[in-house]
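The values are calculated or read from the model by the stated rules, or taken from the named source; none is laboratory data. On a predicted model such as this, the values are computed, not experimentally measured, just so you know. As a convention, Cβ positions derive from the backbone with ideal geometry for all residues, glycine included, and neighbour counts pool all protein chains shown.
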Amino acid sequence: MLNGKIALITGASRGIGRAIAVKLASLGADVAVIYAGNTEKADEVVALARAYSVRAEAFQCDVSDFAAVKATVEAVKNKLGPVDILVNNAGITKDGLIMSMKEEAYDTVLDINLKGAFNMIRHCTPMLIKKRCGKIINISSVAGLIGNSGQANYSASKAGLIGLTKAVARELAARSVCCNAIAPGFIQTDMTDNIARDNPMLGSIPLGRVGLPEEIAELAAFLAQDCANYITGEVIRIDGGLAI
């Protein structure tokens, strides 16, 4: 259980982030729902979380903006308390073949998916170190492990997130802070609808189906609990066997 813990989840207004926020709330954690622009969806997640009799608040933030993240983390601390669990889930895609990919498409995806995680880790780490405990969970992707045609920017960002996870795990281990990554495969969300539908790679999934956000949330919840205190620096695939 996570009673008394404060969880900050980025990209929490939809998809995997939404599922994780609700799951952590169901285990007793107070949740900070970080979102980019859809206030209505973020408020829905807050309402779902509060149904479990925990505190929940929504905070709008551009995770790629270092100063904005610093201000948001401070606002979360003032409103809910020092963060115990950080879930870096915010991510976007701007797909295209490498021969025609525009610089803006590459930079934007790296800024949100990878730099956004760095920004959050950078500003939450002082709280975790002071507590001498805590969990950082980065949502990577099998695309960061095996690559994906048409997603050089996305694959690079998710591979970078794996390297960031391992480095942070080494740095913070002495303070009993664990940092792990989850690498989902095809998960049914709004963001993946355009690539999951009729994708030939679906036939390569041994389990024969796409995954659900709730399945990712279950793994995140496990990593957030005390039973995972001896797991750090790991990248755990949850992909139906796609990257075996």
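Annotations
- Among the numbered conditions (1) closer than 21 Å to ARG14 by Cβ; (2) buried (at least 16 other Cβ atoms within 10 Å of the Cβ), the only one that GLU218 does not meet is (2).
- Residues located in the range 48-69, provided they are in a strand (DSSP E or B) and touching a Phe, Trp or Tyr at 6+ places or on another chain (Cβ under 9 Å): ALA58, PHE59, GLN60
- Residue match in the range 92-111 (condition: part of a helix (DSSP H, G or I), closer than 26 Å to ILE236 by Cα and either touching a residue at least 60 places away in the same chain (Cβ under 8 Å) or aromatic (Phe, Trp, Tyr) (or both)): yes
- Matching residues, the range 76-99, being loosely packed, with under 15 Cβ neighbours inside 10 Å and either of a type in the set (S, T, N, Q) or under 20 Å from the mean Cα position of the chain (by Cα) (or both): ASN78
- Subset of the range 18-47 [part of a helix (DSSP H, G or I), touching a Ser or Thr at 6+ places or on another chain (Cβ under 7 Å) and not charged (D, E, K, R)]: ALA42, VAL45
- For the range 121-140, filtered to residues that are surrounded by fewer than 24 Cβ atoms within 10 Å (Cβ to Cβ) and of a type in the set (A, V, I, L, M, F, W, C), the residue that is nearest to VAL235 (Cα to Cα) is ILE121.
- Per the listing SER53, SER100, the residue uniquely among the small types (Gly, Ala, Ser) and at negative phi is SER100.
- Residue that is modelled with the highest pLDDT [pool: residues in the range 160-201 that are within 23 Å of ALA19 (Cα to Cα), touching a Leu at 6+ places or on another chain (Cβ under 9 Å) and surrounded by fewer than 20 Cβ atoms within 10 Å (Cβ to Cβ)]: ILE162
- Filter result for ILE129 (in a loop (DSSP other than H, G, I, E, B), of a type in the set (A, V, I, L, M, F, W, C) and free of Cβ contacts under 8 Å to residues at least 60 places away in the same chain): no
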